[in-house]
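Accompanying notes for the structure given below.
The values are calculated or read from the model by the stated rules, or taken from the named source; none is laboratory data. Values in this document were obtained by computation on a predicted structure and should not be read as measured data. Positions of Cβ are generated from backbone atoms using ideal geometry, with glycine treated the same way; all protein chains shown enter the neighbour counts. Note: areas computed on protein heavy atoms with side chains; ligands, DNA, RNA excluded. Shrake-Rupley method; radii C 1.70, N 1.55, O 1.52, S 1.80 Å.
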Amino acid sequence: MSAWWTYAPGDLLLFSERTYYRMFELHNAALWPAQVVALALALAVALLMASGWGHRVRAVGAVIAACWLFVAWTFLLGRYAAINWVAPWFAALFIVEAALFAAVAVAGRPGALGGRWGPAQVVVFAAAVLAQPAAGLLAGRPWRQAEIFGLAPDPTAIATLGLLAVAPRGSRWLLLPLPVLWCAVSGATLWTMGAPDAWLAPTAAAFAMVAPPLLRGRTAGV
Amino acid sequence: MTQPFLLRRRDFVRLLGAGGAASLFPGAPRAAGPLVRALPSSEESLPLVGLGSWITFNVGDDPAARNDCARVMEAFFAAGGRMIDSSPMYGSSQSVIGYGLSKLGMREAVFSADKVWTGSGRRGPTQIEESRRQWGVPRFDLLQVHNLLAWEEHLPILFGMKAEGRLRHVGITTSEGRRHGEFVRIMESQPLDFIQVTYNPLDREVERRILPLAAERGIGVIVNRPFRQGALTRTLEGEPLPGWAADIGCRTWAQAILKFIIAHPAVTCAIPATTRVDHARENMAAAIDPLPDAKLRRRMASDIEKRA
């Protein structure tokens, strides 16, 4: 873009707030009752990570990979690309993140996603899964426009950050950058639109980068 | 209060077809057509207010929102409007316009103004054809190089299309005062039919060089961001209209701003964007006599600056 330094964030916003949130309403209506399945998968992730099952990394990695892939395909390419020509690039990044989680699942290294979760980690993950839809309702948006883990990008990224809160450093270096990047992009988009919950995704990203050492120290062990 | 000198009706040519456009909508009230101004490079005339599509028409695949946009277009055409402006940069706006034109049967009536927006001259023709397909028009009335992006490569292609009869007018655009020096150099060196710039009572830099040069070289001027993307009208909301507003038939600040813009003799058309039928009608109603003269325009700018 020529003279790019003269553009303010608002100059790059291609759509209205109304159009943006209507997109989630149409997405939810088209996918119903996938919301129930997605939230059940989130619950399964928490239960698996809290269990001592030896294959939990394979199962959780596969679930998270599927969620990122599903969001890339159905939302970013299927809906967001219609109003934002950058969306296919975001979709590519989501597919990369899905591939990374798939690789973690295939490798199946027991400690790849951290040790067995205690109550603190379960609470962090549950908060991450529920934060986005709760924020939307508190911001006054109808429940039909709720952004749901596994179906929409923000809650999927935030829940992934919650999952990675107690992951070992190597996995975090591999899996954290793209969710953090998405949270920054999404936060900027919502801030430009004037959405009251624009702070949520960037705050979750900041938390995911700063808080893990505290949580990791209290992990129950592999 | 002294009655300001007002530009007279004979300073403009009325759009003869405006009544015809209104007759396509039997339920719509039949109003006098909007004021028009002759294009400097042809014998055609255009209504002084057109319709932009930045953000407002980028509604994706939402059927309800697409129908809302079609209703805005219907009100626009019913009031005598003709020029609709878009760009491949505007997301789904082109396809939404195409949907509206098809639904309303107005593909022949619209003055289709679009842009080429790619950094590669080689990709220009493909993008133009895709844009034409989205609009559903046989050819564009106007293609502009969006924000001067790769203009050296695109302009020869556009002039070639015009020579072959596949395009009627050629132009360039900028917004918010970007690259005005280069813009002027292109205006001086290229046989342009149109330019598109930002102009409103607060953003008046184009008055110094660009608008006089356009008048001198016979280039039509399209004005974008008349309301600063709504920020200006939001700022003025709640402020009482000054006494001069009634003298020139303004009921709202938006109409006052539009009248300020279109009364400049070099301006061909302002292109406010809206999602609302009532605003589309209100905008078109600004293109009706009387318009302010130069003295009143200075006062309008001063009054609006004080409040903004």
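Against the criterion of solvent-accessible heavy-atom surface with a 1.4 angstrom probe, A:95, B:195 sort, most first, into A:95, B:195.
For residue B:246 and residue B:277, the difference between the fully extended length at 0.36 nm per residue and the C-alpha to C-alpha distance is 8.9 nm. At full extension, residue B:130 and residue B:164 could sit 10.4 nm farther apart than now, given 0.36 nm per residue minus the alpha carbon distance.
Semi-axes of the equivalent ellipsoid for the protein assembly as shown, computed as √(5λ) from the eigenvalues of its C-alpha gyration tensor and ordered from largest down, come to 52, 24, 21 Å. Once you reduce segment A:87-105 and segment A:125-162 to the center of their Cα atoms, the two points are 20 Å from each other.
Charging the Cβ of each Asp and Glu at -1 and of each Lys and Arg at +1, and nothing else, the dipole of chain A about its Cα centre rounds to 660 debye. Positive end of the dipole of chain B, charges at C-beta (+1 Lys, Arg; -1 Asp, Glu), about the Cα centre: which of B:279, B:296, B:131 has its Cα farthest in that direction? About the Cα centre, the residue reaching furthest to the positive side is B:296.
On C-alpha positions alone, give me the angle between the axis of helix A:87-107 and the longest principal axis of chain A, in degrees, nearest 10. It works out to around 10 degrees. The apolar share of the surface of chain A, taken as the fraction of accessible area on carbon and sulfur atoms (1.4 Å probe, ligands and nucleic acids excluded), comes to 75 percent. In segment B:172-194, the residues that give up 30 Å² or more of accessible area when the other protein chains are added, compared with the chain on its own (1.4 Å probe), are B:178, B:179.
Rolling a 1.4 Å probe over the heavy atoms of the protein chains gives the protein assembly as shown an accessible area of 41 Å² per residue. About its Cα centre, the dipole of chain B is roughly 340 debye, where the only charges are +1 on Lys and Arg Cβ and -1 on Asp and Glu Cβ. Can you give me the relative contact order of chain B as a percent, contacts being Cα pairs under 8 Å and 6 or more apart? Value for chain B: 22 percent.
Taking 7 Å along the Cα-to-C-beta vector as the label spot, tell me the residue A:8-residue B:107 distance in nanometres, rounded to one decimal. Placing both labels 7 Å beyond Cα along the Cβ direction yields 4.0 nm.
Its Cα gyration tensor gives segment A:25-177 an equivalent ellipsoid, and the semi-axes of that ellipsoid, as √(5λ) in whole Å with the largest first, are 25, 18, 13.
The angle between the Cα long axis of helix A:34-50 and the main principal axis of chain A comes to about 30°, on a 0 to 90 degree scale. Since only A:19, A:127, A:62 are under comparison, the one whose Cα sits farthest along the positive direction of the charge dipole of segment A:1-152, derived from C-beta charges on Lys, Arg, Asp and Glu, is A:62. Our analysis of segment B:237-308 gives Rg over Rh at 0.94, with the two radii drawn from alpha carbon positions and Rh computed by the Kirkwood formula. The label point for residue A:47 and the one for residue A:184, both projected 7 Å from the Cα toward the Cβ, are 3.7 nm apart. Only one residue of B:167, B:210, B:150 has its Cα farthest out toward the positive end of the dipole of segment B:130-286, where Lys and Arg carry +1 and Asp and Glu -1 on Cβ, and that residue is B:167. In the protein assembly as shown, the DSSP-assigned H stretches of four residues or longer account for a calculated mean residue ellipticity at 222 nm of -15000 deg cm²/dmol, using -39500 (n - 2.57) per stretch and the full residue count as denominator. Annotation: for a label point projected 7 angstrom from Cα along Cα→Cβ of residue A:73, residues of segment A:146-160 with backbone N closer than 17 Å are A:150-153.
Straight Cα distances below 20 angstrom link residue B:259 to the lysines B:295, B:306, with same-chain residues fewer than 8 positions distant left out.
Accessible surface buried at the B:A interface totals approximately 1600 Å², computed with a 1.4 Å probe on protein heavy atoms.
Placing +1 on each Lys and Arg Cβ and -1 on each Asp and Glu Cβ, with no other charges, gives the protein assembly as shown a dipole about its Cα centre of roughly 500 debye. Against the main long axis of the alpha-carbon atoms of chain A, helix A:177-193 sits at an angle near 30°. Each Cα pair under 8 Å and six or more residues apart adds its separation to the average, and for segment A:16-214 the resulting relative contact order is 24 percent.
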